[in-house]
Amino acid sequence: MKAFFKILKYGLKLSPLYLFSLFINDIVIALNPFVTLFYSGKILDYLLSNTSVDIIMKEVYIFLAITLGLNIIKNREGGTIVLAFRL
Amino acid sequence: MNKENDRKEASIKESFKAINYIFKIAFHSSKKYVFFFVTYILTSILAPLVLLFIPTLAVYFLSVEKNLTKFAIYLSIAFAAYIGISGTSHYVSSRYDIENTLIRLKDFFTAFINKSLVCDYSYYEEKQGKEDRKKAEHCLDSNWLGVELIMKDVPLFLINFLSLIIYIASSSLVSYQIVLIMLAMVIANFLLGYLSTLIYNKYIDRTGKSYNRIDYLYRTSKNELKGKDIRNYNLAGLFNSFFIKEFNLLKKYTLIQRSIVILPNLSNSLLGYIRDLVAYSILITGVVNKSLSVAQFTLLIGIVNGISTYLTDLFDDVNDIMVASKDTLQYLKFINAPSAFNHNKGIDINSVSKPLTVEFKNVSFKYHDSKDNTIENVSFKINAGEKIALVGANGAGKTTIIKLLSGFYKPTSGEILISGHPISDFNIDEYYRLLSIINQDVEVIGVRIKDIVSSQYLDKNIDEEKVVKCLKEADLFDKVDSLPEKDRTYLTQNLDKSGIQLSGGESQKLMLARALYKDGSFLMLDEPTSALDPIAEGKLYEQYASLCYNKTSLFISHRLSSTKFCNNIIYLKDGKIVEEGTHEELMKKKGEYYHVFSIQSHYYKNQGELNESLL
């Protein structure tokens, strides 16, 4: 743990974005199933209760937009900034 | 090193060639490997398929069947099947990975080392061979490169490809629009991937250059010989500045590369968004119009997501395989490098008359990466049992003549005859047995003393008495006998911690003992006394006649006085023979030899007077 915090401290000294970069992949990966689970349940519930297409599609837009946003953050930060720190 | 060729992808045909080569060896190497390969692919396709049906089953039983007992039974069966298949898949995949590494080391790395040890010396020493060897080595450097990357990625490609076919076929049963969207995605993905690789490769050369420079500096900083200079001249600062400069450049270009890669990734995500949107709207409309059940909807959404994942992975696999294939082809190029000499056929050395005669007939030679001939139109003959000295300044071509006689190179023009036969007519491996050579650069291998002297590793193949005899003749026996482990002592501490370090002179004596043990018919000594003290040097000269008894020999030295006992002296200058004769004849002639001999003897005389005055 001591070594871990030492590395963390060193990383923060080099780049303030380091901590953010270090955990962003894990945060996005952890968030994804919750988003999917929440919206899948919601969409299934709508489908089983004969809700109109417009209302269901509205939820689909939001669901897919959140997923897209998470993917973009993962690609951008997870890749580039961590790599910059390693070098 | 040209990084451009290093990292670009191979063509499809070349990739197939590399895959075929690797798996032919891998399947042949271990029967278990075939089992792991097939089982890994099958279980990896099946496990996600079973998992896909579990939510569908849940929705079906909750919305249609509404029988909880039946649901529990089906769910248990499905979970049990999933756990069984997925567990097998994980076990087999980890075993498959272990086999991959073992085969890389056992088959491919061993073949690489063997080729490095037996390839033509000219190929080994010259620029092209060095580059080929480095690239081949790079291909075996890690689990994620070249050979092993192909072994990892080919089953992954098959898993993704076969799963994709199953998923697309399943979705086409419900909606052809979804299949059309998927196909559009395939084309878009391919074009984006291709574009991204093209741009990415533009920067590969620059980052490759930095990697090479950092690699060189890193290796130099570890080199024991250069370590002395680094400390004496305080070169650490120079190294650090160089490292920092190169790392900064590497960081700059790597970040540009990464930014380029991110662009197609983002476009890919956007396309995925559109694809999902269309798929959801088609499927939701289907459910609302009652043409699809909710359970079917769940299954199809799972399939659409699966297709997206498999598609992305498939393109990554193809790209990795093509890059790894290019590396593997470099490995193949090195492994299959042809030899300029005969290896399995040629004149029987036992049928050649001994002592050998050696004849140079109008021999000229030019190194591959040199503009001019190193030796030009050289002709001389060494009669059977004769002792010849080659003398001349640095760069006169003396060592090149030794290399030609050693069978390391072929003459550019002219002919070298050994007892009347051109060297190229011999089986080169047999020909080497005729030679006993002591080179001027002494670098001992860190095995036992008796291993070096006998050039053998297994005790049963070593003639212990002969080892002792040769050590005595080379004036090294007393030293070896004083060691606790005698001639079983290891040299250097690379293989054994109790290993010893011989001095330069002792190492040279060891090389002499090795040459005597080999007892070749043709003795070649290239500056054999360069590291000896004057007493040891004198002893060697006294022994020289007995060492060369019944052998033909060639002696190279800067010190002209050391060649007086030879039958004939050849004086070389700028790759040409300028004078030839006995010491007395050449002195009488008062030419180049006389001039250089006079300077050297004058120096020794002055040195002697200086030493006396100091005493």
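State which residue is most open to solvent (accessible area, probe 1.4 Å) when the search covers only segment B:514-528 and only residues that are among the aliphatic types (A, V, I, L, M) and over 31 Å from the mean Cα position of the chain (by Cα). Show your work before the answer.
First pass over segment B:514-528, keeping only residues among the aliphatic types (A, V, I, L, M): B:515-516, B:523-525.
Checking the rest, the ones that are also over 31 Å from the mean Cα position of the chain (by Cα) come to B:516, B:523.
Numbers: B:Leu516: 26, B:Leu523: 7 Å².
Ranking the qualifying residues of segment B:514-528, first place goes to B:Leu516.
When the test is whether a residue is touching a residue at least 12 places away in the same chain (Cβ under 8 Å) and not in a loop (DSSP other than H, G, I, E, B), B:Asp451 does not pass it.
Considering segment A:73-87, and only residues there that are open to solvent by 60 Å² or more (accessible area, probe 1.4 Å) and more than 8 Å from every other protein chain (Cβ to nearest Cβ), the residue that is modelled with the highest pLDDT turns out to be A:Ile73.
For every residue, the table says whether it meets (1) more than 30 Å from B:Tyr33 (Cβ to Cβ); (2) of a type outside the set (Phe, Trp, Tyr); (3) surrounded by fewer than 17 Cβ atoms within 10 Å (Cβ to Cβ); (4) in contact with a Ser or Thr (Cβ under 8 Å, 6 or more places away or on another chain).
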| residue | (1), (2), (3), (4) |
| --- | --- |
| B:Val59 | yes, yes, no, yes |
| B:Leu62 | yes, yes, yes, no |
| B:Ser94 | no, yes, yes, no |
| B:Cys119 | no, yes, no, yes |
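Going through (1) facing chain A (nearest Cβ under 10 Å); (2) surrounded by fewer than 18 Cβ atoms within 10 Å (Cβ to Cβ); (3) of a type in the set (Ser, Thr, Tyr) one by one, B:Ser291 falls short only on (1).
Residue count for segment A:38-72 satisfying the condition of being in a helix (DSSP H, G or I), open to solvent by 60 Å² or more (accessible area, probe 1.4 Å) and within 19 Å of B:Ser281 (Cα to Cα): 10.
Could you tell me whether B:Gly306 is more than 11 Å from chain A (Cβ to nearest Cβ) and modelled with pLDDT of 80 or more? Criteria met by B:Gly306. For segment B:260-280, taking the residues that are modelled with pLDDT under 80, facing chain A (nearest Cβ under 7 Å) and open to solvent by less than 50 Å² (accessible area, probe 1.4 Å), the one that is farthest from the chain's Cα centre (by Cα) is identified as B:Ser269.
For B:Tyr218, the test of being at pLDDT 80 or above, within 12 Å of chain A (Cβ to nearest Cβ) and either open to solvent by 40 Å² or more (accessible area, probe 1.4 Å) or over 32 Å from the mean Cα position of the chain (by Cα) (or both) is failed. So for segment B:309-330 (the condition being under 30 Å from A:Asp45 (Cβ atoms), open to solvent by less than 40 Å² (accessible area, probe 1.4 Å) and touching a residue at least 60 places away in the same chain (Cβ under 8 Å)), does at least one residue qualify? Yes, segment B:309-330 contains a residue that is under 30 Å from A:Asp45 (Cβ atoms), open to solvent by less than 40 Å² (accessible area, probe 1.4 Å) and touching a residue at least 60 places away in the same chain (Cβ under 8 Å).
Across segment B:66-76, which residue is farthest from the chain's Cα centre (by Cα) among those that are away from chain A (no Cβ under 14 Å) and either surrounded by 12 or more Cβ atoms within 10 Å (Cβ to Cβ) or under 27 Å from A:Tyr46 (Cα atoms) (or both)? Walk me through how you get there before you give the answer.
Taking segment B:66-76 first, the residues away from chain A (no Cβ under 14 Å) are B:67-76.
Pick out the ones that are also either surrounded by 12 or more Cβ atoms within 10 Å (Cβ to Cβ) or under 27 Å from A:Tyr46 (Cα atoms) (or both) and you get B:67-72, B:74-75.
Values: B:Asn67: 66, B:Leu68: 64, B:Thr69: 64, B:Lys70: 62, B:Phe71: 60, B:Ala72: 59, B:Tyr74: 56, B:Leu75: 54 Å.
The extreme case among them is B:Asn67.
Would it be correct to say that B:Ala389 is open to solvent by less than 10 Å² (accessible area, probe 1.4 Å), more than 15 Å from B:Val358 (Cβ to Cβ) and aliphatic (A, V, I, L, M)? No, not satisfied.
Here the condition is being under 28 Å from the mean Cα position of the chain (by Cα), closer than 30 Å to B:Glu485 by Cβ and hydroxyl-bearing (Ser, Thr, Tyr); of B:Ser424, B:Ser455, B:Ser406, B:Ser370, it holds for B:Ser455 alone. Does segment A:41-61 hold any residues that are touching a residue at least 12 places away in the same chain (Cβ under 8 Å) and facing another protein chain (nearest Cβ under 10 Å), and which are they? Result: A:Ile43, A:Tyr46, A:Ile56, A:Glu59, A:Val60.
Restricting A:Leu22, A:Leu37, A:Leu70, A:Leu64 to those that are within 8 Å of chain B (Cβ to nearest Cβ) and either modelled with pLDDT under 90 or farther than 30 Å from A:Phe4 by Cα (or both) reduces the list to A:Leu64. Filtered by the rule that a residue be modelled with pLDDT under 90 and open to solvent by less than 30 Å² (accessible area, probe 1.4 Å), segment B:429-461 gives B:Ile438, B:Gly446.
Here's a check for you: in segment B:138-167, which residue that is among the β-branched types (Val, Ile, Thr) and surrounded by 19 or more Cβ atoms within 10 Å (Cβ to Cβ) is farthest from B:Val278 (Cα to Cα)? I'd like the intermediate steps shown before the answer.
Start the filter on segment B:138-167 by keeping residues that are among the β-branched types (Val, Ile, Thr), which leaves B:147, B:150, B:154, B:159, B:165-166.
Narrowing the set further to residues that are surrounded by 19 or more Cβ atoms within 10 Å (Cβ to Cβ) leaves B:147, B:150, B:154, B:159.
Numbers: B:Val147: 41, B:Ile150: 36, B:Val154: 32, B:Ile159: 26 Å.
So, considering only residues that are among the β-branched types (Val, Ile, Thr) and surrounded by 19 or more Cβ atoms within 10 Å (Cβ to Cβ), the one farthest from B:Val278 (Cα to Cα) is B:Val147.
The values are calculated or read from the model by the stated rules, or taken from the named source; none is laboratory data. Just so it is clear, the model here is predicted, and its values are computed rather than measured. Backbone-built Cβ (ideal geometry, glycine too); neighbour counts: all protein chains shown. Keep in mind that these areas ignore ligands, DNA and RNA; they rest on the heavy atoms of the full protein, side chains included. Shrake-Rupley method; radii C 1.70, N 1.55, O 1.52, S 1.80 Å.
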